[in-house]
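Asks: Provided herewith is a single structure, encoded as structure tokens, for subsequent inquiry.
The values are calculated or read from the model by the stated rules, or taken from the named source; none is laboratory data. Computed from a predicted structure; not experimentally measured. Using ideal geometry, Cβ is built from the backbone for each residue, glycine included, and neighbour counts are taken over all protein chains shown.
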């Protein structure tokens, strides 16, 4: 099983440089832990500070290894030509394979701020993904549907093909991921029973579409404690604050052995990759948890 990381991009505080510095230090910690992949997310017009995916990933790649890295793009919110250009540049900076994580996006306020329609996001997603793939393949592309552009082409293309991971939770969206994606990324909020059921749906839909996925990935919010008591106390604080509205059963916490056991259970459901994010915002605890994640990864090797 591969263990990657999706770094938290939302950081409050008075000094905007402080949040960026924390992300840089966490990327370096993930590299020291020998984790398998590095990602950042994508949100717009957020109520609090949010470090945008393309510029921050360009900086984080300086801390990263030759293992895969990538960004999430909520495709209905982006011009497809711009996404292709950004991917071409980031893939040229990266030392390893670049992965494009994609999603539909939600939150009407975010769509309104970006001049996009929440109602038409499924069709916009499919049109955008098709255009991006054609541009990355070197084609000249025009569009007159949800997006309008003429004779676009990409001169700076990735040095090797990029993978497309599609995030999805509803069964119809999982079918879309099986039909169009190279891999599926499951939601971090799925408790274990739902995670197992959704994995089975995805594998069945891949079979129906004649597709063999490159990965079956799931996001998990975690904390690897220095002891079981430390992990339990940190988890209790997060749950007491109603962490992201998640079912507490979807959170992964414990010492090295306990976390390894919980991730091993995800592997038994068919997941090949677990992409972690920390549910504590305490920077010192996050860095220490990263070091212990390295031990978890070795235990799962």
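Asks: Of all residues being crowded, with 23+ Cβ neighbours inside 10 Å and either without any contact (Cβ under 8 Å) to a residue 12 or more places away in the chain or in contact with a helix residue (DSSP H, G or I) (Cβ under 7 Å, 6 or more places away or on another chain) (or both) in the stretch 88-100, which is farthest from residue 161 (Cα to Cα)? Just the residue, please.
Replies: Only one residue fits best here, namely 100.
Asks: Return the residues of the stretch 246-270 that are in contact (Cβ under 8 Å) with a residue 60 or more places away in the chain and within 11 Å of residue 192 (Cβ to Cβ); say none if nothing qualifies. First the steps, then the outcome.
Replies: Start the filter on the stretch 246-270 by keeping residues that are in contact (Cβ under 8 Å) with a residue 60 or more places away in the chain, which leaves 250, 263-267, 269-270.
If the condition is that a residue be in contact (Cβ under 8 Å) with a residue 60 or more places away in the chain and within 11 Å of residue 192 (Cβ to Cβ), then 250, 265, 266, 269 are the ones that fit.
Asks: Quick one: which of 180, 190, 156, 135 is touching a residue at least 24 places away in the same chain (Cβ under 8 Å) and under 21 Å from residue 3 (Cβ atoms)?
Replies: 190
Residues checked against (1) crowded, with 17+ Cβ neighbours inside 10 Å; (2) under 25 Å from residue 21 (Cα atoms); (3) at pLDDT below 95:
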{"residue": "185", "(1), (2), (3)": "yes, no, no"}
{"residue": "200", "(1), (2), (3)": "no, no, no"}
{"residue": "217", "(1), (2), (3)": "yes, no, no"}
{"residue": "228", "(1), (2), (3)": "no, no, no"}
{"residue": "249", "(1), (2), (3)": "no, no, no"}
{"residue": "257", "(1), (2), (3)": "no, no, no"}
{"residue": "267", "(1), (2), (3)": "no, no, no"}
{"residue": "278", "(1), (2), (3)": "yes, yes, no"}
{"residue": "299", "(1), (2), (3)": "no, no, no"}
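Asks: Can you find a residue in the stretch 224-242 that is touching a residue at least 40 places away in the same chain (Cβ under 8 Å), out of contact with any helix residue (DSSP H, G or I) (no Cβ under 7 Å at 6 or more places or on another chain), outside any helix (DSSP H, G or I) and at negative phi?
Replies: no
Asks: Report whether or not residue 195 is buried (at least 17 other Cβ atoms within 10 Å of the Cβ) and in contact (Cβ under 8 Å) with a residue 24 or more places away in the chain.
Replies: Values: buried (at least 17 other Cβ atoms within 10 Å of the Cβ): yes; in contact (Cβ under 8 Å) with a residue 24 or more places away in the chain: yes.
Against the criterion (buried (at least 17 other Cβ atoms within 10 Å of the Cβ) and in contact (Cβ under 8 Å) with a residue 24 or more places away in the chain), residue 195 qualifies.
Asks: Hey, does the stretch 282-293 have a residue that's assigned to a helix (DSSP H, G or I), more than 17 Å from residue 230 (Cα to Cα) and over 20 Å from the mean Cα position of the chain (by Cα)?
Replies: no
Asks: Kindly establish whether residue 276 is under 26 Å from residue 9 (Cβ atoms) and assigned to a helix (DSSP H, G or I).
Replies: So residue 276 does not fit the description; no.
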